[in-house]
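The next block holds one structure in the form of structure tokens; read it before the comments.
The values are calculated or read from the model by the stated rules, or taken from the named source; none is laboratory data. Source: prediction; values computed, not measured. Glycine also receives a Cβ, built like all others from the backbone with ideal geometry; neighbour counts cover every protein chain displayed.
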Amino acid sequence: MTGKAPEWPLWEVFIRGQHGMAHRHVGSLHAADEKTAMLNARDVYTRRSEGVSIWVVEARHIVASAPSDKGPLYEPANSKTYRHPTFFDIPDDVGAM
Amino acid sequence: MTANALLEFLLRQGDTTLVLGHRLSEWCGQAPALEEDIALANTALDLIGQTQMWLGYAAEVEGAGRTADDLAYRREAWDFRNLLMAEQPNGDYGRTLMRQFLFDGFNVLHLDALQSSTDERIAGIAAKSVKEARYHLQRSTETVIALGDGTAESNRRMQAALDHLWPYTGEMFVADAVEAAMAETGIAPDPSTLRAEWGRTVRAGMAEATLTVPDSDFAHQGGKNGKRHSEHLGHMLAVTQSLPRAYPDASW
Amino acid sequence: MYAQMVKSEATKDDPEKLSAFQARIDAGDKIEPKDWMPEGYRKTLIRQIGQHAHSEIVGQLPEGNWISRAPSLERKAILLAKVQDEAGHGLYLYCAAETLGVTRDELTEMLLDGRMKYSSIFNYPTLTWADMGAVGWLVDGAAIMNQVPLQRTSYGPYSRAMIRICKEESFHQRQGFDIMMKMCAGTPAQKAMAQDALNRFWYPALMMFGPSDKESVHSEQSMAWKIKMNTNDELRQKFVDQTVPQAEYLGLTVPDESIVWNDDKGGYDFAEPDWSEFYDVISGNGPCNVDRIATRQRAWDEGAWVREGLSARAAKRRADRTAAQ
């Protein structure tokens, strides 16, 4: 039954909300081009709250790290725990820090 | 006269959004793609919200203790004041979106002007609604251009839609005694003054859509002034009003 | 539930890889699209997520049936928003399934030609406004029961889609129950309508969870892979225990005279639905199967020119941009 018509490409949607600091991946959708992808993103993913900024990217343009990279890519962060505030034991009466 | 004219004016706004919103809601679950289904439902929801505002105010102005729901569900077709274009059946998706484009172009201009209405309530309704209308116009313009300049078949269907709907567009700009009274008191603009700019927007869009704008000034009338609706409105109301009419004392 | 009749696919993979994979699942790892996975895992997920998506889309129709007759502007807007949500849920799920190497169009083809199914419940007709209440209260209620645990399913994209869906879903059940409350406190005719809706939807709602797992060998594999989180009987019991007091609150009678609280098990004893009716329905002989698929087929066919037109225009713009460069 399908006349093998071209399917609309897949787009990934990232939204930064009003109080957000960064764009978050919220999901995907299909659209024929970037203009419609943007409109569709607004209609599908901001029905319950207005996003302040929407990014859409064709899924095929996203380059992702492979799961096996997990070790080398993330190891440096894992062993530098002093970057995390909980590493240090600041006494309470120093005040907020 | 003015109170009556004001009521008439409000019914014209609310009945148009009611009927048009209903027509769009008929697509739910049956649109060409999920994304389109969701987008069209958003527009329908916006129009239902605008209906509640317009008819709510109309009911107050009427002063007979009725509500927006009473006006929507318990009036006969001959009391409705919506544009003829709104009550037309949807036809195919192209005709639905073309109608939306032609209406949205007018609605944005009209609501924009209404933001400076001397009637505060109307100005408030317009301020809320114009944002929605601008988005509707952006969406319908995009779709109409893409389908016009798509395949040979989509072009053919969009041209047929434009040809079919064109004779219904003039009614949006006709100014009768009601509109004259509204313009006189600064409540609403004379709609005939919006025609030129609407025409420019439409011609620009249709050029990009590779469609030909019909060469006729003829305008069907009778919806806005209630003198002669089409046969379609009666059937529509027979469906939408069926429950409250079957159970007049029930609340839902 | 969308896997009412999904047979977990057998798998011919390397035993070492399989046990490493199982260890990841047992440790609570999320499996992501580019990770190694057994062929059986991939196929079972495509079928389950796909059928879940189909259920959302077909599920728009029984409620969509009453949008035009919603008895107030408020109810109309609420119902339209709910049905719109179902489209959104279908969209999230199709996108999740697509990460497994299948396209939305392929899945749609398989729905329309019957190779894939959708939840049995949507083959029942909605005959009164009270059905809008019953569907929200019972059908969404049953769906939520199944969906909440699925938020912890092992496949990342499915889990994230479920989290998004669950956030949106609670409004669905509440609006249904709200409709029921209003009607049960209304005119005698409204109350009778509400009771009639419960009478028609009770057993079909119980059927949503699928037959007892004792009948099925395959659900064990799905449970091990955390594609299925609870047994059918567990969920059905939970649903009954939750719903019976709600019916009492409404002043309605569940159409099962045998329902009685069982202290020993800490739940209600209740009558099983007629499973022969269930098998009839999923094999195509439910009241609405033919109409539901016909509606989806028509929407698909009549929308083809729109999808093609939009694609063609996009292609032209891309070509123009390339030429201009």
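Quick look at the values:
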item	result
Checking A:Ser65 against (1) without any contact (Cβ under 8 Å) to a residue 12 or more places away in the chain; (2) touching a strand residue (DSSP E or B) at 6+ places or on another chain (Cβ under 6 Å); (3) of a type in the set (Gly, Ala, Ser), the condition it does not meet	(2)
Qualifying residue in segment C:287-296 (condition: among the small types (Gly, Ala, Ser) and within 30 Å of A:Thr36 (Cβ to Cβ))	yes
Any hit, segment C:264-285, residues being within 18 Å of B:Glu142 (Cα to Cα) and in a helix (DSSP H, G or I)	no
Helices (runs of 4 or more DSSP H) lying entirely in segment B:92-196 (those with 1 or more residues that are within 14 Å of another protein chain (Cβ to nearest Cβ) and either hydrophobic (A, V, I, L, M, F, W, C) or within 23 Å of B:Phe218 (Cα to Cα) (or both))	B:93-114, B:120-148, B:152-169
Residue in segment C:287-305 that is under 18 Å from C:Phe209 (Cα atoms) and either in contact with a strand residue (DSSP E or B) (Cβ under 7 Å, 6 or more places away or on another chain) or in a loop (DSSP other than H, G, I, E, B) (or both) present	no
Some residue of segment B:28-48 being among the hydroxyl-bearing types (Ser, Thr, Tyr) and without any contact (Cβ under 8 Å) to a residue 60 or more places away in the chain	no
Yes/no for B:Glu76 being under 20 Å from B:Leu237 (Cβ atoms) and surrounded by fewer than 24 Cβ atoms within 10 Å (Cβ to Cβ)	yes
Boolean, B:Thr96 is surrounded by fewer than 21 Cβ atoms within 10 Å (Cβ to Cβ) and either of a type in the set (Val, Ile, Thr) or farther than 30 Å from B:Glu35 by Cα (or both)	no
Unmet requirement for C:Lys226, which otherwise passes all of (1) among the charged types (D, E, K, R); (2) under 19 Å from C:Arg75 (Cβ atoms); (3) assigned to a loop (DSSP other than H, G, I, E, B)	(2)
Lone qualifier among B:Glu60, B:Glu26, B:Glu36 - being surrounded by fewer than 21 Cβ atoms within 10 Å (Cβ to Cβ), facing chain C (nearest Cβ under 8 Å) and at pLDDT 95 or above	B:Glu26
Index of the failed condition, B:Glu208 passing every other in (1) loosely packed, with under 15 Cβ neighbours inside 10 Å; (2) away from every other protein chain (no Cβ under 14 Å); (3) of a type outside the set (A, V, I, L, M); (4) in contact (Cβ under 8 Å) with a residue 12 or more places away in the chain	(2)
Selected residue [within 13 Å of chain B (Cβ to nearest Cβ), more than 17 Å from the chain's Cα centre (by Cα) and crowded, with 24+ Cβ neighbours inside 10 Å] from C:Ala81, C:Ala130	C:Ala130
Restricting segment C:92-105 to residues that are touching a residue at least 12 places away in the same chain (Cβ under 8 Å) and surrounded by 22 or more Cβ atoms within 10 Å (Cβ to Cβ), the residue that is nearest to the other protein chains (Cβ to nearest Cβ)	C:Cys95
Residue within segment C:274-289 that is touching a residue at least 24 places away in the same chain (Cβ under 8 Å) and within 14 Å of chain B (Cβ to nearest Cβ) present	yes
Residue that is farthest from the other protein chains (Cβ to nearest Cβ), among those in segment C:65-78 that are surrounded by fewer than 24 Cβ atoms within 10 Å (Cβ to Cβ) and assigned to a helix (DSSP H, G or I)	C:Ile78
Count of residues meeting criterion [surrounded by fewer than 22 Cβ atoms within 10 Å (Cβ to Cβ), within 17 Å of the chain's Cα centre (by Cα) and farther than 23 Å from C:Arg42 by Cβ] in segment C:209-231	2
Residue, farthest from the chain's Cα centre (by Cα), within segment C:290-325, restricted to residues that are within 8 Å of another protein chain (Cβ to nearest Cβ) and β-branched (Val, Ile, Thr)	C:Val306
Subset of segment A:12-32 (residues that are assigned to a strand (DSSP E or B) and more than 17 Å from C:Tyr158 (Cα to Cα))	A:Phe14, A:Ile15, A:Arg16, A:Gly17, A:Arg24, A:His30
Sole exception among (1) without any contact (Cβ under 8 Å) to a residue 24 or more places away in the chain; (2) touching a strand residue (DSSP E or B) at 6+ places or on another chain (Cβ under 6 Å) for C:Ala192, by number	(2)
Residues of segment C:234-272 satisfying the condition of being within 19 Å of C:Gly176 (Cβ to Cβ) and of a type in the set (Ser, Thr, Tyr)	C:Thr243, C:Tyr249, C:Thr253
Residue list for segment C:164-188, restricted to those being among the hydroxyl-bearing types (Ser, Thr, Tyr) and assigned to a helix (DSSP H, G or I)	C:Ser170
For A:Met38: the one exception among (1) within 7 Å of another protein chain (Cβ to nearest Cβ); (2) modelled with pLDDT of 90 or more; (3) outside any strand (DSSP E or B)	(1)
Only listed residue being touching a residue at least 40 places away in the same chain (Cβ under 8 Å), assigned to a helix (DSSP H, G or I), closer than 20 Å to C:Ala142 by Cα and away from chain B (no Cβ under 14 Å), chosen from C:Gln246, C:Gln237	C:Gln246
Residue match in segment B:221-229 (condition: basic (Lys, Arg) and loosely packed, with under 13 Cβ neighbours inside 10 Å)	yes
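Listed here are the residues, each with its yes/no results for (1) out of contact with any strand residue (DSSP E or B) (no Cβ under 9 Å at 6 or more places or on another chain); (2) closer than 30 Å to C:Trp36 by Cα.
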position: C:Asn146; (1), (2): yes, yes
position: C:Ala161; (1), (2): no, yes
position: C:Ala197; (1), (2): yes, no
position: C:Glu220; (1), (2): yes, yes
position: C:Lys226; (1), (2): no, yes
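Residues checked against (1) at negative phi; (2) aliphatic (A, V, I, L, M); (3) more than 7 Å from chain C (Cβ to nearest Cβ); (4) crowded, with 24+ Cβ neighbours inside 10 Å:
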position: B:Gly14; (1), (2), (3), (4): yes, no, yes, yes
position: B:Leu18; (1), (2), (3), (4): yes, yes, yes, yes
position: B:Ala41; (1), (2), (3), (4): yes, yes, no, yes
position: B:Leu47; (1), (2), (3), (4): yes, yes, yes, yes
position: B:Met53; (1), (2), (3), (4): yes, yes, yes, no
position: B:Gly56; (1), (2), (3), (4): yes, no, yes, no
